[in-house]
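The values are calculated or read from the model by the stated rules, or taken from the named source; none is laboratory data. The shown structure was predicted, so the numbers you read here are calculated from the model rather than taken from an experiment. As a convention, Cβ positions derive from the backbone with ideal geometry for all residues, glycine included, and neighbour counts pool all protein chains shown. Quick note on the areas: whole protein, heavy atoms, side chains included, nothing else; ligands and nucleic acids left out. Shrake-Rupley method; radii C 1.70, N 1.55, O 1.52, S 1.80 Å.
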Number of protein chains: 2
Amino acid sequence: MGCYDDGGFNDELENGVRSIISCEEEGNRASIEEAVKVLLKGLGEDINREGIRKTPFRVAKALHEGTRGYRQKVKDIVEGALFPEAGLDDRVGHAGGGGGLVIVRDLDLFSYCESCLLPFQIKCHVGYVPSGQRVLGLSKLSRVSEVFAKRLQEPQRLADEVCAALHQEIKPAGVAIVLQCIHIHFPDIESVFLDSNHRPWFKMLVSSGSGVFENINAYEWADFYSLLNFRGINVEKVHVRGSSDLSWCPSQSSRFAKVSSKIGSTSPVMATAVASIIKSLGEDPSRDELVGTPSRFVRWLMNFQNSNFDMKLNGFLLGGIDSLNTNGEVNLNDKKLHSEMNLPFWSQCEHHLLPFHGVVHIGYLISDGYIRIGKSLLQSIVHFYGFKLQVQERLTRQIAETLSSLLGGDVIVVVEASHSCMISRGIEKFGSNTATIAMLGCFVTGLAIKASFLESIPSSAATEGQ
Amino acid sequence: MGCYDDGGFNDELENGVRSIISCEEEGNRASIEEAVKVLLKGLGEDINREGIRKTPFRVAKALHEGTRGYRQKVKDIVEGALFPEAGLDDRVGHAGGGGGLVIVRDLDLFSYCESCLLPFQIKCHVGYVPSGQRVLGLSKLSRVSEVFAKRLQEPQRLADEVCAALHQEIKPAGVAIVLQCIHIHFPDIESVFLDSNHRPWFKMLVSSGSGVFENINAYEWADFYSLLNFRGINVEKVHVRGSSDLSWCPSQSSRFAKVSSKIGSTSPVMATAVASIIKSLGEDPSRDELVGTPSRFVRWLMNFQNSNFDMKLNGFLLGGIDSLNTNGEVNLNDKKLHSEMNLPFWSQCEHHLLPFHGVVHIGYLISDGYIRIGKSLLQSIVHFYGFKLQVQERLTRQIAETLSSLLGGDVIVVVEASHSCMISRGIEKFGSNTATIAMLGCFVTGLAIKASFLESIPSSAATEGQ
């Protein structure tokens with residue numbers, strides 16, 4: 001048994017198409033692989049363990065594909081798709097070729113945050129007013145946006161770059177871009193128990209305009225927002241350029257930086273490895289916005305160090321389980337179902353070194369008179385197994401097994417999660433999510449009690465913010 | 001000016017990766033191009049017109065990519081991604097490796113209907129119960145589903161093929177598949193005015209199971225549906241195999257067939273061209289389910305024949321406009337805004353020969369005392385410009401210009417549409433949609449009246465069913 005993944009770079013089939021990679025690109029990917037090995041070792045992992053043996057390969061491939069925008073040219077995309085549309089003259093309706101404003105709405109994109117290297121999600125709305133009797137094939141508005149999204153980015157620069165590129169290539173009366181950006185905000189392992197109001201997402205709405213949209217008070221913007229408004233965008237939340245000097249990335253927020261400083265300085269070897277990854281992607285690690293990125297990424301990564309959390313959990317467990325009776329035969333009739341829903345968890349996919357996160361629902365049976373297990377202990381167990389390199393199936397099983405040993409065996413655990421690797425790798429399945437179940441004891445055969453628990457799970461908590 | 005798209009097969013850059021195409025595949029694509037030229041000529045189009053000159057190339061490329069599943073092997077996808085997960089034994093929790101049931105939910109896919117060659121959309125939910133201490137990388141559940149979706153399909157066969165392939169390759173305790181399929185239902189040009197209750201979508205929910213899911217009454221299915229239920233799936237709508245012999249495709253429904261028979265027999269030359277396309281994709285056109293497909297596709301295509309509808313519209317116009325005064329200077333204060341929202345339209349993208357459809361919102365100013373234009377005439381004009389090879393920008397402009405000549409010049413038109421080419425070609429942007437505006441007369445400068453109209457547009461009618 002085990003992992004059969006021995007594919008080399010040029011053997012990879014993506015979507016049935018064999019891709020050609022140049023020698024230089026192959027060298028860059030090999031160098032990312034080496035850097036990822038350094039990071040895994042820094043986390044205390046055995047890089048020959050089957051589950052992560054091919055992780056360096058997968059990370060290199062994902063990062064290479066996810067930053068393909070550095071190797072793309074807007075000109076190549078646009079040139080084949082400018083179509084003549086005779087029609088209204090240049091004055092009437094402020095439209096050159098085929099009418100007035102054209103907007104493609106609700107394009108799902110993702111990008112990599114230049115500040116922390118985590119992927120962030122974007123709902124992208126692109127509009128332009130045609131001129132010169134030419135219109136652009138609609139799909140090209142998406143493709144051009146992708147060119148700049150598939151780089152290390154920051155929302156405002158992304159909007160500006162897409163806007164400038166489209167303006168230059170299609171020479172319209174104007175281009176307008178609105179981006180709704182969502183950045184995951186991981187809690188710090190040190191603070192996760194202290195902050196009960198943790199905001200799991202940072203959101204930002206930015207815009208950029210050229211030509212008739214250059215003035216943000218132009219009435220063309222009013223038209224644009226009218227057509228976005230009824231798609232559920234609240235104009236009030238638009239970020240005004242220059243209104244804040246602080247990065248939107250949670251890793252730069254003062255609170256996070258303060259807490260993180262307690263962890264101590266980051267490993268210089270690991271930070272150097274991250275800087276070499278940035279270089280291999282085609283970026284300059286000494287660019288102002290990127291200088292602090294390696295240490296920020298390493299600080300975040302160290303949350304998932306293999307043995308980080310053990311002592312803390314042991315402390316919790318010692319105080320929590322003494323009064324529970326785990327001996328003897330159990331009569332189901334004596335027992336009651338207890339459940340704790342929507343316990344948040346944060347974890348890292350060991351196959352791709354990318355975050356996955358969501359909620360855990362726990363059900364268990366205990367007899368009357370026995371002490372019900374506290375929510376904070378359940379949450380501790382969830383965090384204990386979350387803050388590691390993980391896979392969701394194992395996380396689910398480990399939580400179930402741990403609870404089973406504490407509670408006498410009748411346990412059901414459901415984990416619902418969104419995986420960054422499902423959106424930021426080749427398949428890019430936005431909105432997909434994963435559910436796993438582990439059942440032990442009475443829940444395996446007690447169909448009614450199991451159904452009662454499953455039906456009480458609240459709807460769609462896993463995908464909030466997606 | 002003009003269309004610059006002169007890229008040959010091997011010059012195409014998709015996602016920055018140059019793809020290799022074998023001589024045989026190149027021959028197949030060239031043969032599809034020739035067949036598409038036959039279809040365009042059959043529609044009465046000039047195949048050298050700039051807007052459609054490269055349409056044969058684009059259609060061949062899209063069909064070739066959209067049916068890449070014929071050239072993919074499930075084994076290649078799965079082998080690299082089976083991970084050892086020691087854990088619960090085979091008995092407890094009915095879970096082999098890493099716990100119990102694993103479900104990836106809400107995967108957006110599309111496929112091509114074998115009955116009419118139009119793309120249909122799928123919300124795919126894939127689950128399995130691991131066995132043999134192995135789990136499959138989550139993204140592979142999506143990739144394997146894609147292999148079979150990217151073929152000419154029918155919902156139940158698609159579910160069965162994904163299920164059987166996953167079962168064979170990962171040898172789990174069982175595999176469960178649930179697909180929510182949505183097929184667009186175009187009205188016939190002859191019947192579009194007669195049927196005010198036209199259902200624009202056909203929906204079907206199918207399932208397939210192996211191993212512990214083979215029996216549809218197994219309690220494992222109850223677990224599976226519990227975890228789908230709270231994602232908004234209504235179990236009552238599940239299609240039970242064998243409950244109906246009729247195809248789900250609207251082109252096979254009796255009503256459609258009856259109406260279509262009035263149009264007369266389809267062109268044998270065009271039907272032969274479609275059969276040759278099916279063969280070039282790697283299918284057998286004489287397979288039972290495909291025998292009638294060419295004539296069904298041609299019958300549908302002929303709805304968009306260039307001059308099909310002209311006489312009918314002329315009839316409408318002659319009765320409708322006599323009493324309108326279009327002379328002289330207009331005082332805005334004398335005029336009132338009239339609007340007609342959500343007029344459905346159906347059209348075909350001339351760049352890709354794929355449907356686009358949605359709603360048209362029309363606003364116009366006329367003076368008191370003048371006759372307000374009837375909704376049925378507005379709908380006629382919309383259909384007239386819809387039932388052609390079109391682009392959305394031109395459709396918007398043409399409706400505005402036609403109304404302007406009827407109504408004295410103060411007209412605004414907004415078109416909201418979903419484009420099949422945005423989901424079934426390379427970019428696969430599910431949920432994206434496009435808005436276009438054309439403004440004439442007072443709407444260009446009358447900001448208040450324009451804002452009043454734009455703000456009154458109802459929300460999100462364009463994406464119903466998506």
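The per residue volume of the convex hull around the alpha-carbon atoms of region B:122-237 is 123 Å³. Annotation for residue B:405, label-to-label distances across the other copies: 8.3 nm (shortest first, one decimal, point 7 Å from Cα along Cα→Cβ).
Note on A:269-277: average number of Cβ atoms from other chains within 10 Å of each residue's Cβ is 0. Using alpha-carbon positions, what is the distance between the centroids of region A:161-198 and region B:429-447, in Å? With region A:161-198 and region B:429-447 each reduced to a Cα centre, they are spaced 26 Å. Once B binds A, the 1.4 Å probe can no longer reach about 8000 Å² of accessible area, counting both sides.
Each other copy places its own label point for residue A:198 at 5.2 nm from this one, sorted shortest first, where the point lies 7 Å along the Cα-to-beta carbon line.
Residues of region B:113-147 whose accessible area (probe 1.4 Å, heavy atoms of protein chains only) drops by at least 40 Å² once all protein chains are present, relative to their chain alone: B:134, B:138, B:139, B:143. The lysines whose alpha-carbon is closer than 21 Å to the alpha-carbon of residue A:335, local same-chain residues fewer than 8 away aside, are A:375, A:450. Which translational diffusion coefficient, to the nearest whole µm²/s, is obtained for region A:110-167 from the Stokes-Einstein equation, given a Kirkwood hydrodynamic radius over C-alpha pairs, 10 °C and 1.306 mPa s? Using the Kirkwood radius from Cα pairs, D works out to 130 µm²/s. With label points defined 7 Å past Cα in the direction of Cβ, position residue B:73 shows copy-to-copy spacings of 3.8 nm, given to one decimal and shortest first. Largest first, the residues A:385, A:219 sort by 1.4 Å accessible area into A:219, A:385.
May I ask you to give the solvent-accessible area per residue for region A:155-233, in square angstrom, as obtained with a 1.4 angstrom probe? On a per-residue basis, region A:155-233 sits at 37 Å².
Karplus-based coupling profile of region A:391-406, in residue order and whole Hz: 10, 4, 4, 5, 3, 4, 5, 5, 5, 4, 5, 5, 5, 4, 5, 7, with θ = phi - 60° in 6.51 cos²θ - 1.76 cosθ + 1.60 and x standing for Gly or Pro.
Mean partner shielding of peptide A:444-457, defined as the number of other chain Cβ atoms within 10 Å of each residue Cβ, is 3.
With every protein chain in place and a 1.4 angstrom probe, the accessible-area ranking of A:160, B:223, B:76, largest first, reads B:76, A:160, B:223.
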